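In what follows, a structure is listed as structure tokens, so that the remarks can point back to it.
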Amino acid sequence: MTNARRHVGLSLVEMLVVVAIVAVVAGMVVMLTLRMSNQAKERDLAGAFALFRSALQEYREETGEFPPQPEQNHANAAVHIRGLYERLMAEPASRQVLTHLSNLSRPGDQPGANIAEVRDPWGTVLDYRYGPDDDFPELLSAGPDKEFGTPDDISSRTG
């Protein structure tokens, strides 16, 4: 006579396998969601760069030159973009183009500031660069890591 016992339930190994599979699937979903979110932000940024290119072209047609920016220090990005924004808003044709930029601009952080501070979709202030040897100005985003000078920086020249 054999006394066979029937086990109704799951063993610890079976439970661990199920938990591992659920964790792998959840990790894949999170990674896919983050990648899609960053891609959407990069598309928004490309649109903002295109608007700035148009505004800069309008500014150049009106004044004969691009707004100067001799300093190339990312630490002063907020000053750079405010200066650019102020100059572009001073020209009616450029101002008309920049009215479409409302999703990335917000009032400046300084008390009483009327000049918008333009930020990338990750919340970092954009930087503006234009030196005497440049053909066209460059706008820079710090990218997802929010730090300038890292490999994930996004330039208007490459986009």
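The values are calculated or read from the model by the stated rules, or taken from the named source; none is laboratory data. Just so it is clear, the structure is predicted and the values come from calculations on it, not from any experiment. Positions of Cβ are generated from backbone atoms using ideal geometry, with glycine treated the same way; all protein chains shown enter the neighbour counts. Note: accessible area is taken over every heavy atom of the protein model, side chains too, but ligands, DNA and RNA are not part of it. Shrake-Rupley method; radii C 1.70, N 1.55, O 1.52, S 1.80 Å.
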For this session: Exactly one condition in (1) over 14 Å from the mean Cα position of the chain (by Cα); (2) open to solvent by 10 Å² or more (accessible area, probe 1.4 Å); (3) within 17 Å of A48 (Cβ to Cβ) is not met by P144; state its number.
Result: (1)
For this session: Answer with yes or no whether G9 is more than 29 Å from A90 (Cβ to Cβ) and at pLDDT below 90.
Result: yes
Exercise. Here are some conditions: (1) in contact with a helix residue (DSSP H, G or I) (Cβ under 8 Å, 6 or more places away or on another chain); (2) open to solvent by 40 Å² or more (accessible area, probe 1.4 Å); (3) at pLDDT below 90. R119 meets all but one. Which one does it not meet?
Worked result: (1)
